[in-house]
Amino acid sequence: MSPSGSSPGSTSSFGSLCCERVSRSFGRQRALHELDLEIRGGEFVALLGPSGCGKSTALNCLAGLLPLTGGAILLDGERIDRLAPERRGFGMVFQNYALFPHMTVRGNVAFGLKMARVPKARARERTDRALELVHLTAHAHKRPGQLSGGQQQRVAIARAVVLEPRLVLMDEPLSNLDAALRLEMRTEIRRLHQRLGLTTVYVTHDQEEALSLADRLVVLRDGRTQQIGTPEEVYARPANRYVAGFMGYRNMLDVTVTGPGPTPALTLAGSRITGTDRDGVPVGERATAAVRPEDLEVVPDGTPHPGGTLPATVEVVEYHGRELAVQARLSDGQALHLRTRERLAPDDEVRVAAPPERVLVFGPDDAGDADDAGEDARGDSATYAGKRPKAVSA
Amino acid sequence: MDRTLLLAAPGVAFLLLLFCYPFGYGLGLSFQPKDGGGALANYRRFFDDPYLRETIWITLKLAVPAALVNCLAAVPVAFRTRGPFRGRRLITTLLVMPITLGTVLTAQGLLGYLGPNGWLNKALRGIGLIDQPLELVHNYWGVLASLIITGFPFAYLLTLSYLTGIDPSLEQAAATLGARRAQRFRYVLLPLLAPGLAITFCLSFVLAFAVFPSAQLVGDPRGETHVISIEAYQAAFQKFDYALGSAIAMVMAAVMLAVVLLVLGWRSLLYRGATGGKG
């Protein structure tokens, strides 16, 4: 137990929160499968994945709103997974905010203090401070229905943090806000975390949100952990093709491995390029080369490039301000997405190159255990990669 | 004019022909006493005669407890049966079944079950708990039981729909904020449910206040359960004094309206906005 005691309402932190093989099934369907995760006190952890990947299930298991069907949750070595949610002392911010519609903003924020029987004067002071923290002092007397989405969101955050809980759980808190407000609130959440130092588990399907907020990411898929790492690790060295697709590696190119070593030679559409092996694909095998659009560059004709060059034909050009988003096609018909400052036009013939360390080579069936999982990965990566250019230009 | 307003025409016609006109006609009739004596003679007669006047009190004494019991019983039952669980459909069907029985069948059943030679009394005497049969029918208790049995499904269905209209994440949020089950009910669910319960009470009360068949069949229609609708019926169709019958019906309407307005007035003090759920 933490030194300051664990009664909800008191300032308390913890050394570590351990999820050990935490699983949750609904009937025969495994929503979350053997999640192993250690959260250190003060850390900001994001659970990332598309809808249905098990991230909200994991959060509800932590909150105590869903009983586990396997595994254990330990807080500083003590099992807490059988505790009712009201006895865990964790704060939660719900996706739909779940503000009490019949109470004022103040009433909502003060609710937890009232439940914890904090003396009135003290409760009032703490409520005031929480309202100030989220800039809602002027709206304290209003009902949630009279507030905008962003304000409601801030009430939900104030209500969760006013108790200074050991752990704050956030379930896609920004997904109901419009793009501009989302960016603003993202900064706000990061600021609050830096200021209060509350251990936070944050669920999102938006990789940008996860990368910008979290100290550590957990990428989930079909209830299984794909990768746990810092934003840099997950962004630069995705563990598998699925994570790569989710992290904005929009080009998933079919290649053949033609050379050995950690930076093998690859044949792609009749050209030779060099990549970085991530899966130990043997020579002669087919593989997938994952490349971000922004890592591809257009090189002038005749210039040699350490990674080799690819001839391609420009098909679609989108103007994105400082640069163009270009879709080109290789001679074997595969599409290539790239970003460039060159002024290209459709039907231009270009040569494209990428640094070998930015061309990640994955085995063909690495992403999942089941055969159909590979299909999912492609589908998902297409969906999320499709969102990426918009997010970048924002 | 907005032509879509025409869609309301059948409804308006229905209301005018089957409610407003008969009501106005009855109201007019009540001011034309059969034996003369001024427009208010019928009302004076009703309120001067203690036997007639008492019917208001007798009916209230049945309708208010019946409506209260139904509302209060509906809340826990609705709580247990919201949310999906195995056999929910069967249980809901069983709970709603009394609607399909009708008052006469219910009365029949009550006479057989609660009567002096009914199963209950036989069983109680059999195990030696009582010597004399309990008088549970042909009196106040029989009618109250009948009103509760027939009125419960309405109260339950209404309460269930109000309850499922409350976003379940509100309760979860309260739990993560440290509220125990009883506190979640008291501070979150009950305040959100209260306006719905007020409406449920009003409807249950109006249904019970118009009690007629059960007061006649399982009650004591000349004494304890001489309810107001029986008096109106006797005046109009046994003494053929339609004007007095109409006057009694008007008194009946006024009492119901007064109770409903009282409850709705209290309800207007409550929070009545969105409850976040699908309702």
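The values are calculated or read from the model by the stated rules, or taken from the named source; none is laboratory data. It should be emphasised that the depicted structure is a prediction, and the values quoted were computed from it without experimental measurement. Cβ placement follows ideal geometry from the backbone for every residue including glycine, while neighbour counts extend to all protein chains displayed. Side chains included, ligands, DNA and RNA excluded: accessible areas come from the protein's heavy atoms. Shrake-Rupley method; radii C 1.70, N 1.55, O 1.52, S 1.80 Å.
Averaged over its residues, chain B has an accessible area of 55 Å² per residue, based on protein heavy atoms and a 1.4 Å probe.
When the Cα gyration tensor is reduced to axis lengths a ≥ b ≥ c, the ratio a/c is 1.5 or higher for chain A, and with a/b above b/c it is classed as prolate. Ranking B:CYS71, B:GLY36, B:THR81 by Cα position along the charge dipole of the stretch B:34-101, where only Lys, Arg, Asp and Glu carry charges on their C-beta atoms, puts B:THR81 farthest toward the positive end.
Under a 5 Å amide H cut-off, with hydrogens placed 1.01 Å from N, B:THR225 pairs with B:ASP220 among residues at least 5 apart or on other chains.
The antiparallel fraction among DSSP beta bridges confined to the stretch A:16-236 stands at about 55%.
A helix-only calculation puts chain A at -8500 deg cm²/dmol for mean residue ellipticity at 222 nm, using -39500 (n - 2.57) for each DSSP H run of at least four residues, averaged over all residues. Would you mind classifying the stretch B:59-117 by shape? Square roots of the alpha carbon gyration tensor eigenvalues, ordered a ≥ b ≥ c; an a/c under 1.5 is rounded, otherwise it is prolate if a/b is larger than b/c and oblate if not. Oblate, because a/c is 1.5 or more while a/b does not exceed b/c. One Cα centroid belongs to the stretch A:291-324, the other to the stretch A:190-226; the line between them spans 33 Å.
Remark on A:HIS320: its backbone amide H falls under 5 Å from those of A:ALA325, a criterion applied only to residues 5 or more positions apart or on other chains, H modelled at 1.01 Å from N. Modelled label positions at A:ALA236 and B:LEU5, each set 7 Å beyond Cα in the direction of Cβ, lie 7.1 nm from each other. Within the protein assembly as shown, DSSP assigns beta bridges of which about 75% are antiparallel (rounded to the nearest 5). Under the convention that each Lys and Arg Cβ holds +1 and each Asp and Glu Cβ holds -1, the size of the dipole of the protein assembly as shown around its Cα centre is about 2620 debye.
Rounded to the nearest 0.05, what FRET efficiency is calculated for B:ARG272 and A:GLU34 with R0 set to 35 Å and r the Cβ-Cβ distance? It comes to 0.15.
Membrane-span-like helices of chain A, defined as complete DSSP H segments with a Cα extent of 24 Å or more along the helix axis and a mean Kyte hydropathy of at least -1.0, are identified as A:179-196. Residues of the stretch A:94-119 that become at least 40 Å² less accessible with every protein chain present than in their own chain isolated, using 1.4 Å: which are they? Going by heavy-atom accessible area, the residues of the stretch A:94-119 that drop by at least 40 Å² are A:PHE94, A:PHE100, A:PRO101, A:HIS102, A:PHE111, A:MET115.
When shorter helices are ignored and each DSSP H run of at least 4 residues is given -39500 (n - 2.57), the per-residue value for chain B at 222 nm works out to -21500 deg cm²/dmol. Residues whose amide H falls under 5 Å from that of A:MET92, counting only those 5 or more places apart or on a different chain, are A:LEU169, with hydrogens built in the peptide plane.
Applying the Karplus relation 6.51 cos²θ - 1.76 cosθ + 1.60 with θ = phi - 60° to the stretch A:265-272 yields 3J(HN,Hα) values of 6, 10, 10, 9, 6, x, 9, 9 Hz, where x marks Gly and Pro. When chain B is treated as a GNM with alpha-carbon contacts under 10 Å, the residue of B:LEU264, B:LEU197, B:LEU124 showing the greatest mean-square fluctuation is B:LEU124. Once the C-beta distance of B:ALA254 and A:SER212 is scaled by a Förster radius of 56 Å, the resulting FRET efficiency is 0.25 to the nearest 0.05. Size check on the stretch A:229-273: the Cα extents along the three principal axes, sorted descending, read 35, 22, 12 Å. Taken as Cα centroids, the stretch A:14-55 and the stretch B:69-134 sit 48 Å apart, rounded to the nearest whole angstrom.
For the stretch A:53-88, a decrease in accessible area of 20 Å² or greater in the assembled protein chains relative to the isolated chain, with a 1.4 Å probe, applies to A:LEU65, A:PRO85, A:GLU86.
Phi angles across the stretch A:289-294 convert, under the Karplus curve 6.51 cos²θ - 1.76 cosθ + 1.60 with θ = phi - 60°, into 3J(HN,Hα) values of 9, 9, 9, 6, x, 7 Hz, Gly and Pro given as x.
Charging the Cβ of each Asp and Glu at -1 and of each Lys and Arg at +1, and nothing else, the dipole of the stretch A:249-364 about its Cα centre rounds to 180 debye. Working note: Karplus 6.51/-1.76/1.60 with θ = phi - 60° gives the stretch B:155-170 the couplings 4, 5, 4, 5, 4, 4, 5, 5, 5, 6, x, 8, 4, x, 5, 5 Hz, where Gly and Pro are set to x. Spin-label model, B:ALA123 to A:ALA72: label points 7 Å out along the Cα-to-beta-carbon direction sit 4.9 nm apart. Calculated accessible area for the stretch A:249-364 comes out at 48 Å² per residue, all protein chains present (probe 1.4 Å; ligands, DNA, RNA ignored). The charge dipole of chain B, taken about the Cα centre with unit charges on the Cβ atoms of Lys, Arg (+1) and Asp, Glu (-1), comes to about 1160 debye, rounded to the nearest 20.
Computed over chain B with a Gaussian network model linking Cα atoms closer than 10 Å, the most mobile of B:GLU54, B:GLU171, B:GLU231 is B:GLU171. Working ranking of peptides B:217-229, B:106-118 by packing, defined as the average number of other Cβ atoms within 10 Å per residue, highest first, is B:217-229, B:106-118.
Taking a ≥ b ≥ c as the square roots of the eigenvalues of the Cα gyration tensor, the stretch B:39-267 is classed as oblate, since a/c reaches at least 1.5 and a/b does not exceed b/c. Within the protein assembly as shown, all pairs of alpha-carbon atoms sorted by distance into 10 Å bins from zero give the percentages 3, 12, 16, 16, 14, 13, 11, 7, 5, 3, 1, 0. Candidates B:TYR51, B:GLY126, B:ALA253 compared by Cα position along the dipole of the stretch B:39-267: farthest toward the positive end lies B:GLY126, with charges placed on Cβ.
On the accessible surface of the protein assembly as shown, probed at 1.4 Å, how many percent belong to carbon and sulfur atoms? Of the solvent-accessible surface of the protein assembly as shown, carbon and sulfur hold 58 percent.
Buried between A and B is an accessible area of approximately 1900 Å², summed over both sides with a 1.4 Å probe. For B:VAL64 and B:THR100, a Förster radius of 22 Å and the Cβ-Cβ distance give a FRET efficiency of 0.25, rounded to the nearest 0.05. Under a Gaussian network description of chain B, with springs only between Cα atoms under 10 Å, the residue in B:PHE31, B:PHE23, B:PHE212 that fluctuates furthest is B:PHE23.
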